[in-house]
Amino acid sequence: AEVAVGEREINAWAAPTAGADLEPFRYTAEALGPNSIEVEITHCGLCGSDVHLINADGGYVDFTAFPQPQVCGHEVIGNVTALGDAVSHLKIGQRAGIGWQSGACGNCEWCMRGLGNV
């Protein structure tokens with residue numbers, strides 16, 4: 001498997017301030033960890049919490065309490081472009097979907113039953 005080494009540049013869309021339109025944003029991401037993957041995103045969903053965060057409403061009244069600019073969209077589908085060295089269940093080029101949770105322990109009763117999203 002190909003392993004992403006070192007930092008790399010990521011292109012995203014971000015809200016620079018509360019209520020602003022999304023605009024192109026480039027940032028440096030840290031190196032992948034051993035259990036991480038990199039996905040070139042082809043489709044991204046924005047849910048209600050993303051919209052509320054961008055607009056600083058619906059319980060997210062303090063936009064400044066979150067990283068700025070704010071890159072939203074936490075439900076994605078794309079193609080695997082790099083694998084951490086401990087990832088063995090995926091391959092470069094494989095289609096992958098990532099839900100709103102970016103990780104799970106893998107050891108609790110819920111994870112062991114395949115319910116790490118509960």
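The values are calculated or read from the model by the stated rules, or taken from the named source; none is laboratory data. Just so we're clear, the structure is a prediction, and the values are computed from it rather than from any experiment. Heads up, the Cβs are rebuilt from the backbone with ideal geometry, glycines too, and the neighbour counts pull from every protein chain shown. The accessibility values were calculated without ligands, DNA or RNA, using every heavy atom of the protein model including side chains. Shrake-Rupley method; radii C 1.70, N 1.55, O 1.52, S 1.80 Å.
Can you compute the FRET efficiency between A104 and A20 using 1/(1 + (r/R0)^6), with r the Cβ-Cβ distance and R0 = 30 Å? Round to the nearest 0.05.
Details: r = 33 Å, r/R0 = 1.09.
The computed FRET efficiency comes out at 0.35.
Taking only Cα atoms and a 10 Å spring cutoff, compute GNM fluctuations for the chain and point out the largest among H89, H52, H43.
Its mean-square fluctuation being the largest, the pick is H89.
For segment 55-118, what class follows from the C-alpha gyration tensor (a ≥ b ≥ c being the square roots of its eigenvalues): rounded when a/c is under 1.5, otherwise prolate if a/b is larger than b/c, else oblate?
Working: a/c = 2.69, a/b = 1.54, b/c = 1.75.
Judged from the Cα gyration tensor, segment 55-118 comes out oblate (a/c at least 1.5, b/c at or above a/b).
Quote to one decimal, in nm, the extra length available between R8 and N35 on full extension: 0.36 nm per residue of separation minus the C-alpha distance between them.
Answer, rounded to one decimal: 8.0 nm.
Once fully extended, how much extra length lies between C44 and I77, figured as 0.36 nm per residue of separation less the alpha-carbon to alpha-carbon distance?
Full-extension gain reported as 11.2 nm.
Where the accessible area of the chain is counted over protein heavy atoms with a 1.4 Å probe, how much of it, in %, is carbon and sulfur? Could the numbers behind the result be given before it?
Values: 4150 of 7800 Å².
Answer for the chain: carbon and sulfur cover 53 percent of the accessible area.
Tell me which label goes with the value of Kirkwood radius over Cα pairs in Å computed from the coordinates here: (i) 16.3; (ii) 15.0; (iii) 16.0.
For Kirkwood radius over Cα pairs in Å, the calculated option is (iii).
Within the chain, what is the longest stretch that has no trypsin sites (Lys or Arg not before Pro) placed in a DSSP loop and near at most 14 other beta-carbon atoms within 10 Å?
Longest site-free region, per DSSP loop and neighbour criteria: 1-90.
With every protein chain present, what is the per residue accessible area of segment 35-109 (1.4 Å probe, Å²)? Provide the component values of the computation, followed by the final result.
Numbers: 4650 Å² over 75 residues.
Ligands and nucleic acids excluded, the result is 62 Å² per residue.
222 nm [θ] for the chain, helices only, -39500 (n - 2.57) per DSSP H run of 4+, per residue, to 500?
On the way: 2 runs with 12 residues, N = 118.
Using -39500 (n - 2.57) per qualifying helix, the result is -2500 deg cm²/dmol.
Full-extension gain between S88 and A65, please, as 0.36 nm times their residue separation minus the C-alpha to C-alpha distance.
Numbers: separation 23, 0.36 × 23 = 8.28 nm, distance 3.68 nm.
4.6 nm is the gain from fully extending S88 to A65.
Given a 10 angstrom Cα cut-off, can you work out which residue in E30, E38, E75 is the most mobile in a GNM of the chain?
Taking springs between Cα atoms under 10 Å, the residue moving most is E30.
Please give me the summed charge of the neighbours of F63: other residues whose Cβ is under 13 Å from its Cβ, Lys and Arg +1, Asp and Glu -1. Write down the numbers at each step before the final one.
Details: positive: none; negative: D50, D57, D62.
For residues surrounding F63, the net value is -3.
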